[in-house]
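Asks: Before we start, here is the structure in question, set down as structure tokens.
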Amino acid sequence: MAGGAEIKAPSPNVNGKAEILKGNFEPTAIEVEPLPPVVPENGVEKPSEKSRNIVLGRNVHSTCLTITEPEVNDEVTGDKEAQMAGVLARYRKNLMERTKYHLGYPYNLDFDYGALAQLQHFSINNLGDPFIESNYGVHSRQFEVGVLDWFARLWEIEKDEYWGYITNCGTEGNLHGILVGREVFPDGILYASRESHYSVFKAARMYRMECVKVDTLVSGEIDCSDLRPKLLANKDKPAILNVNIGTTVKGAVDDLDVVIQTLEECGFSHDRFYIHCDGALFGLMMPFVKRAPKVSFKKPIGSVSVSGHKFVGCPMPCGVQITRMEHINMLSSNVEYLASRDATIMGSRNGHAPLFLWYTLNRKGYKGFQKDVQKCLRNAHYLKDRLHEAGISAMLNELSSTVVFERPRDEEFVRRWQLACEGNIAHVVVMPNVTIEKLDFFLNELVEKRSTWYQGNVQPPCIAAEIGKANCVCALHK
């Protein structure tokens, strides 16, 4: 291997064990390999129901880089440093190439944090409660609380009435919000739409909570006509609800006001339900959309979480979780080792993430985010219209920048553009870094590929069931 790096790969000829393969590592090279195997959903074929097949990604053991021991004379020759520098340089080139073809996942790649490079030499850890210093002095709590105060103003809750922290990802925000709900109502039942993020159902499994899945409208929004009878069937137990401020696949926004109204009409007083709002992406976009419903703590909600690495554009996964101060005492405990309190899930937390968030919020402000939101919505409408003009079924929810369309037939095309797929549909999430030029490049390539996928009697699929008849332009609904 060039520079001495080694690659481990599974070998079918050595009793299933991995053997060391020698060869040049070139991450940007196009590898000719079979597609990953298609497996049933959940890994088990259920004869009683129609299972959807899922294409899994390739096994990373085929490209992983092993750790090798330095040679005795490495300090003198510098061969090890040179070898690692070469690996990192090729990896950087690979990242630049893959970033060009990134459309399917909601990450804002338009950022420049050069000013913060001077702080990367420090091990910054905000372990414990963000509002109470610990004995560990290398922290960024002053930046973290500044970020939390900004979000508290956005969601209309006073400083002395909220508690929150900067999480390590959006999933942690959901895990914490639902945990608070479970602590407030130990015997509560969790209700979530079928199109909620998988972390919501992960939380139900982790906390051993009874979970009721609620049907959705074709838009992906929770169907309150299905929520109602399920609430009435469990009137004797408190309700813990996950409300989506932008679903994972379709970008649908659950109507918070209608959900609250449904709870009240079913006999649930405000002291018998807890609402967590999962605003991973659109929780930060909706406040800047005219006529959009408001997410506010002036309404009877318990918590809100958003991701920091999505619309904000933080280079590492992180998020923000805000809840009511009155709820957090049930989770919080004094930790002598820290000389602080802790009601977080992870304990140790990345102290660099608050710096990135603080920096961006200061640079952009409300007006900057409003400008980014308008650009995303405008470009999303452009993409949807161009897809329809090309005879491709597509849907765009009113408050969303997620454009849903027919799933490409070629999994190599899906992998190239890093598209997120589910069943017969795929989506593009239009973020601030996605330009009209990039969308045109994608569209032109998609149209060219479709001309080879659909020839003769092979017709594009009907996805009316997924996106509605009005958005489907198949032969039946054109």
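Asks: Can you pull the Rg over Rh of the chain, Cα-only, Kirkwood?
Replies: A ratio of 0.98.
Asks: Amide H to amide H, which residues 5 or more places from Val253 or on other chains are under 5 Å from it, using H placed in the peptide plane?
Replies: Gly246, Thr247
Asks: Counting other Cβ atoms within 10 Å, which trypsin sites (Lys or Arg not before Pro) in segment 131-199 have at most 16 and lie in a DSSP loop?
Replies: Answer by residue number: Arg194.
Asks: Report the GluC sites (Glu not before Pro) located in segment 81-155 that are in a DSSP loop and have at most 16 other Cβ atoms inside 10 Å of their Cβ, or state none.
Replies: Glu133
Asks: Please enumerate, by chain and number, the lysines with C-alpha under 18 Å from the C-alpha of Lys80, excluding those fewer than 8 residues away in the same chain.
Replies: Excluding near neighbours in sequence, the set is Lys22.
Asks: Further question on the same structure: What Cys residues in the chain have no fellow cysteine's beta-carbon under 4.7 angstrom?
Replies: So, Cys64, Cys169, Cys211, Cys224, Cys266, Cys277, Cys314, Cys318, Cys376, Cys421, Cys472.
Asks: Net charge within 9 Å of Gly170 by Cβ-Cβ distance, Lys/Arg positive one each and Asp/Glu negative one each, not counting Gly170 itself?
Replies: -1
Asks: Follow-up question, since we're still on this one. Find, among the trypsin sites (Lys or Arg not before Pro) in segment 363-429, those assigned to loop by DSSP (not H, G, I, E, B) with at most 16 other beta-carbon atoms within 10 angstrom.
Replies: When the trypsin sites (Lys or Arg not before Pro) of segment 363-429 are filtered for loop state and at most 16 Cβ neighbours within 10 Å, Arg409 remain.
Asks: Using amide H atoms built in the peptide plane, which far-off residues or other-chain residues are under 5 Å from Tyr191 H to H?
Replies: Here the answer is Val212, Ile240, Leu241, Asn242, since their amide H atoms fall under 5 Å of that of Tyr191.
Asks: Pull up all non-local amide H partners of Trp163: gap of 5 or more, or a different chain, and H-to-H distance under 5 Å with H placed in the peptide plane.
Replies: Thr323, Arg324, Met325
Asks: Further question: Quick one: net charge around Glu326, please, counting Lys, Arg +1 and Asp, Glu -1 for every other residue with C-beta under 13 Å from its C-beta.
Replies: -4
Asks: Accessible area per residue of segment 338-393 at 1.4 Å probe, in Å²?
Replies: 45
Asks: Segment 279-301 to segment 345-388: how many Å between their Cα centroids?
Replies: 14
Asks: Next question, about the same structure. Based solely on its DSSP helices, what 222 nm [θ] is calculated for the chain when runs of n ≥ 4 H residues each add -39,500 (n - 2.57) and the sum is averaged over all residues, nearest 500 deg cm²/dmol?
Replies: -10000 deg cm²/dmol
Asks: Also, quick follow-up: Step through the table entries Lys290/Lys375; Lys299/Lys371; Lys290/Lys367, compare each Cα-Cα distance with 18 Å, and write down the pairs that go over it.
Replies: Beyond 18 Å: Lys299/Lys371.
Asks: Hey, another quick one. Mind listing the phi-derived Karplus ³J(HN,Hα) values for segment 155-166, rounded to whole Hz, using 6.51, -1.76 and 1.60 with θ = phi - 60°, and x for any glycine or proline?
Replies: Per-residue couplings from phi come out as 9, 6, 9, 5, 4, 7, 10, 10, 9, x, 7, 8 Hz.
Asks: On the accessible surface of the chain, probed at 1.4 Å, how many percent belong to carbon and sulfur atoms?
Replies: C and S atoms contribute 52 percent here.
Asks: What longest region of the chain stays clear of chymotrypsin sites (Phe, Trp or Tyr not before Pro) that DSSP places outside H, G, I, E and B and that have at most 13 other Cβ atoms within 10 Å?
Replies: 123-336
The values are calculated or read from the model by the stated rules, or taken from the named source; none is laboratory data. Remember, predicted model here, so these are calculated numbers, not experimental data. Every residue, glycine among them, receives a Cβ derived from its backbone with ideal geometry; neighbour counts consider all protein chains shown. Just so you know, the surface numbers come from the protein's heavy atoms only, side chains and all, with ligands and any DNA or RNA stripped out. Shrake-Rupley method; radii C 1.70, N 1.55, O 1.52, S 1.80 Å.
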